[in-house]
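Report on one structure; see the data block that follows.
The values are calculated or read from the model by the stated rules, or taken from the named source; none is laboratory data. Just so it is clear, the structure is predicted and the values come from calculations on it, not from any experiment. Here the Cβ is made from the backbone with ideal geometry for all residues, glycine too, and neighbour counts use every protein chain on show. What goes into the accessible areas is simple: the full protein's heavy atoms, side chains included, and nothing from ligands, DNA or RNA. Shrake-Rupley method; radii C 1.70, N 1.55, O 1.52, S 1.80 Å.
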Amino acid sequence: MSDNAQDALKEAAATAAVVSGSLFSTFDIIMLVLLLAATVWWLYSSRKENKKDEILLSKYSIQPAGSIQITENSFIKKLQTSGRSLVVFYGSQTGTGEEFAGRLAKEGIRYKMKGMVADPEECDMEELIKLPDIPNSLAVFCMATYGEGDPTDNAMEFYEWLKNGDPDLTGLNYAVFGLGNKTYEHYNAVAIYLDKRLEELGATRVYELGLGDDDANIEDDFITWKDKFWPAVCEKFDIKNAGEEELTRQFHLVIHKPEELAPNQIFTGEIARLHSLQVQKPPYDAKNPFLAQIKVNRELHKGGDRSCLHVELDISDSKMRYEAGDHVAIYPINDRDLVERLGVLTGANLDEIFSLINTDQESSKKHPFPCPTSYRTALSHYLEITALPRTHILRELAEYCSDEEDKKRLLLMSTNSQEGKSLYHSFVVDACRNIVHILEDLKSCKPPIDHICELLPRLQPRYYSISSSPKLHPETVHITAVVVEYKTSTGRTNKGVATTWLAKHKPEPGKPLPRVPVYIRKSQFRLPLQTQTPILMVGPGTGLAPFRGFLQERAHARTNGKDVGPNILYFGCRHRSQDYIYQEELEEYERNGDVKLNVAFSRDQAQKVYVTHLLEKNMDELWDVIGNRNGHFYICGDAKNMAVDVRNIVLKAIQEKGGRTEAEALQFLKKLESMKKYSSDVWS
């Protein structure tokens, strides 16, 4: 306690002594002193807490340009101490944005601009206003658009700061490359907004906005953009001669001797924290997934050559909560056979324990994935070995070819020439060759396993629309997923990572239930708050998944005496007898009056019939739901064709049944979208 507080207590006691003789009993005096003491103590504590709050506020509040404090997340300090002038920020949901950022930062050395990669989530982004203080500095943003035109999770806070704040970015040099997909309505919305907003805040655009389309060839888009971006940078900063291309390793290999590390010091598949899968602690998220038991794993298809799984995950011990329409993320494990083949092709001992350590001391990313670990674990849990290798990987692989023809082929595919692009497209993209296939077909290429581990992108979680409602299933999450398997032009069979793993892990009597790391990702795909609001749902194939949850929730509301509006579902599959998933459930809902079913079986007749054909026949009902009854419209499934066709039918209905012009119809639909009355959960 401070001297002032002690003095106050002494004064209180003295005052009590003076008045004790006339007005108060001994008990009253004691109570008075205690009350005064409590008051003084409260005032002292409040001042102490206020001081703490002031310290916190001074650390996190927006500061004027001249008084920004250097904190542990200061990218400015890292740039200054390491003599760098280029910082490449990334907004990435699947790892591609981070990969592109790394490539730009690495190439900067060639153009006399030493660079670093930075995650906006881990940086004090208000420091952007200090970047012009570093001579010839440049900020590049590789930003992906996710969902309904939203920023990625790691860029959300930065995006909101730019949107709602008004920082003075005069003197900041910048460039933006966007990662998007043209099949989605809000194509590259984040990058487009960021590019425009930075200019509005006074920053100087060094090169035009680049837009990458993942539906076509985002690798090609990126290379084409950066091949023009670098000359613009050289012109801006008066860089006369670009250096030769340098192939330098970003990570240094350390092999650990068998006796060097105890088994409990080695990562065995954990996403971030050592032993996080053995010792589970909430909250659970992308870096700390919950190890859920697979309680049910059954086949939904009744025939045909395809497989569709219904999986139920037990989340009862996780404290995780979900709502109908949310997604569940699953961390898969790569196929064991592919891992073994890669070990043989590189001559590796897959059980050897190693670490890859970043050669850049200032980088916040010390390892490309959790280390130390074994090569088997890295290839199984941490690396995308089924992904199609991008051109920069082929460029590095070329150095390990003993045959000149193999080397020339890889080098050509890594160039931006028309011949190189064409060869890359036919050899890698069209043939769906992954790293294993490339090493099998170019037999003289013998890269070391550690370099493969450095080059390949991180294995990403797979997201599935949850096909259950917590009203009926609070302790389980249901997944509906088609097992991906297809033949390539080279005669190989390629398999989906997550669905192939799930297909092999079914509960068996007398054995422990299989487990898989998962977490819940919140979605904007939501039922109306009022149960009486009509809903119209379009979900062919596994696009039915979230609507199964919606129907469960609506049926539950009705059985509990609530007034429930019409539920109209358009579902499509190939054959009624083969892939009509959840047929019994849906028809039971229909008998109970919980849904009006419109089902299209595309191959049960000579002329194919899809959900779009049925929807177009019922435009009166469509308009009644969205135009007259204030209803909600939902689409889930294929973004490239189905979702586009459905959207066009909705616009047609607004014009023909709602009496709008084409421009008015578009405006009407945009209003529905902004009010979350027209929602999409689509993928390509």
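Selection of the stretch 146-194 for residues being outside any helix (DSSP H, G or I), open to solvent by less than 30 Å² (accessible area, probe 1.4 Å) and β-branched (Val, Ile, Thr) yields Thr152, Val176, Thr183.
In the stretch 418-439, which residues are under 28 Å from the mean Cα position of the chain (by Cα), open to solvent by 60 Å² or more (accessible area, probe 1.4 Å) and not charged (D, E, K, R)? Residue satisfying the conditions is His425 alone. Scanning the stretch 598-614 for residues that are open to solvent by 30 Å² or more (accessible area, probe 1.4 Å) and either touching a residue at least 24 places away in the same chain (Cβ under 8 Å) or under 18 Å from Val538 (Cα atoms) (or both) returns Val599, Arg603, Asp604, Lys608, Val609, Tyr610, His613, Leu614. No other residue among Thr488, Thr415 is under 25 Å from Gln250 (Cα atoms) and over 24 Å from the mean Cα position of the chain (by Cα) apart from Thr415.
Which of the residues that make up the stretch 409-440 are small (Gly, Ala, Ser) and either under 17 Å from Phe222 (Cα atoms) or touching a residue at least 12 places away in the same chain (Cβ under 8 Å) (or both)? Result: Ser414, Ser417, Gly420, Ser422, Ala431.
Residues in the stretch 644-672 that are more than 30 Å from the chain's Cα centre (by Cα), among the charged types (D, E, K, R) and not in a loop (DSSP other than H, G, I, E, B): Lys652, Glu656, Glu662, Glu664. If you go through the stretch 59-86 and pick out every residue that is surrounded by fewer than 16 Cβ atoms within 10 Å (Cβ to Cβ), modelled with pLDDT under 50 and not aliphatic (A, V, I, L, M), you end up with 8.
Ile568 meets the conditions (1) assigned to a strand (DSSP E or B); (2) under 30 Å from Gln460 (Cα atoms); (3) not hydroxyl-bearing (Ser, Thr, Tyr) in every case but one. The failed one is (2). Taken over the stretch 363-385, the criterion of being under 19 Å from Leu439 (Cβ atoms) and open to solvent by 40 Å² or more (accessible area, probe 1.4 Å) is satisfied by Arg376 alone.
Identify, please: which residue in the stretch 105-124 is assigned to a loop (DSSP other than H, G, I, E, B) and within 22 Å of the chain's Cα centre (by Cα) and is, among those, surrounded by the fewest Cβ atoms within 10 Å (Cβ to Cβ)? So the residue we want is Asp119. Going residue by residue through the stretch 507-520, is there one that turns out to be at pLDDT 95 or above, within 30 Å of Ala653 (Cα to Cα), in contact with a Lys or Arg (Cβ under 7 Å, 6 or more places away or on another chain) and open to solvent by less than 80 Å² (accessible area, probe 1.4 Å)? Within the stretch 507-520, none of the residues are at pLDDT 95 or above, within 30 Å of Ala653 (Cα to Cα), in contact with a Lys or Arg (Cβ under 7 Å, 6 or more places away or on another chain) and open to solvent by less than 80 Å² (accessible area, probe 1.4 Å). Out of Ala232, Ala216, report the one residue that is among the small types (Gly, Ala, Ser), open to solvent by 50 Å² or more (accessible area, probe 1.4 Å) and either at pLDDT below 90 or part of a helix (DSSP H, G or I) (or both). None of the others qualify; the one that does is Ala216. For the stretch 526-544, filtering for residues that are assigned to a loop (DSSP other than H, G, I, E, B) and in contact with a strand residue (DSSP E or B) (Cβ under 9 Å, 6 or more places away or on another chain) leaves 7.
Of the candidates Ala348, Ala324, the single residue that is closer than 22 Å to Gly637 by Cβ, in a loop (DSSP other than H, G, I, E, B) and either open to solvent by less than 40 Å² (accessible area, probe 1.4 Å) or among the charged types (D, E, K, R) (or both) is Ala324. Checked against (1) of a type in the set (A, V, I, L, M, F, W, C); (2) under 21 Å from Pro512 (Cβ atoms); (3) in a helix (DSSP H, G or I), Val279 passes all but condition (3). State the number of residues belonging to the stretch 572-610 that are touching a helix residue (DSSP H, G or I) at 6+ places or on another chain (Cβ under 7 Å) and among the aliphatic types (A, V, I, L, M). Matching residues across the stretch 572-610 total 4.
Scanning the stretch 235-255 for residues that are more than 16 Å from Gln361 (Cα to Cα), in a loop (DSSP other than H, G, I, E, B) and not small (Gly, Ala, Ser) yields Phe237, Asp238, Ile239, Lys240, Asn241, Glu244, Glu245, Glu246, Leu247.
For the stretch 617-643, a residue qualifies if it is open to solvent by 60 Å² or more (accessible area, probe 1.4 Å) and assigned to a helix (DSSP H, G or I), and the qualifying residues are Lys617, Asp620, Asn628. Residues in the stretch 552-570 that are within 28 Å of the chain's Cα centre (by Cα) and crowded, with 24+ Cβ neighbours inside 10 Å: there are none. The number of residues in the stretch 526-541 being more than 11 Å from His632 (Cα to Cα) and surrounded by 24 or more Cβ atoms within 10 Å (Cβ to Cβ) comes to 2. The set of residues from the stretch 404-417 being open to solvent by 10 Å² or more (accessible area, probe 1.4 Å) and in contact with a Cys (Cβ under 8 Å, 6 or more places away or on another chain) comprises Asp406, Lys407. The single residue among Phe267, Phe290 that is within 17 Å of Ser355 (Cα to Cα), of a type in the set (Phe, Trp, Tyr) and modelled with pLDDT of 95 or more turns out to be Phe267.
Going through (1) buried (at least 22 other Cβ atoms within 10 Å of the Cβ); (2) of a type outside the set (D, E, K, R); (3) part of a loop (DSSP other than H, G, I, E, B) one by one, Pro135 falls short only on (1).
Selection over the stretch 300-321 of residues that are open to solvent by less than 40 Å² (accessible area, probe 1.4 Å) and not in a strand (DSSP E or B) gives a count of 7. Within the stretch 156-196, being of a type in the set (A, V, I, L, M, F, W, C) and closer than 17 Å to Ser523 by Cα holds for one residue alone: Met156. Applying a threshold of 7 Å to beta carbon distances and a minimum spacing of six or more residues, or different chains, the list of pairs starting in the stretch 242-257 at a residue that is at pLDDT below 95 and ending at one that is of a type in the set (Phe, Trp, Tyr) and open to solvent by less than 70 Å² (accessible area, probe 1.4 Å) reads Ala242/Tyr111.
Taking the stretch 268-289 as the range and being more than 24 Å from Ser374 (Cβ to Cβ) and not hydroxyl-bearing (Ser, Thr, Tyr) as the test, the residues that pass are Lys281, Pro282, Pro283, Asp285.
Out of the residues in the stretch 582-638 that are among the small types (Gly, Ala, Ser) and over 20 Å from Leu529 (Cα atoms), which is farthest from the chain's Cα centre (by Cα)? Across the stretch 582-638, the extreme among qualifying residues is Ala606. Scanning the stretch 352-362 for residues that are open to solvent by 20 Å² or more (accessible area, probe 1.4 Å) and in contact with a strand residue (DSSP E or B) (Cβ under 8 Å, 6 or more places away or on another chain) yields Glu352, Ile353, Ile357, Thr359, Asp360, Glu362.
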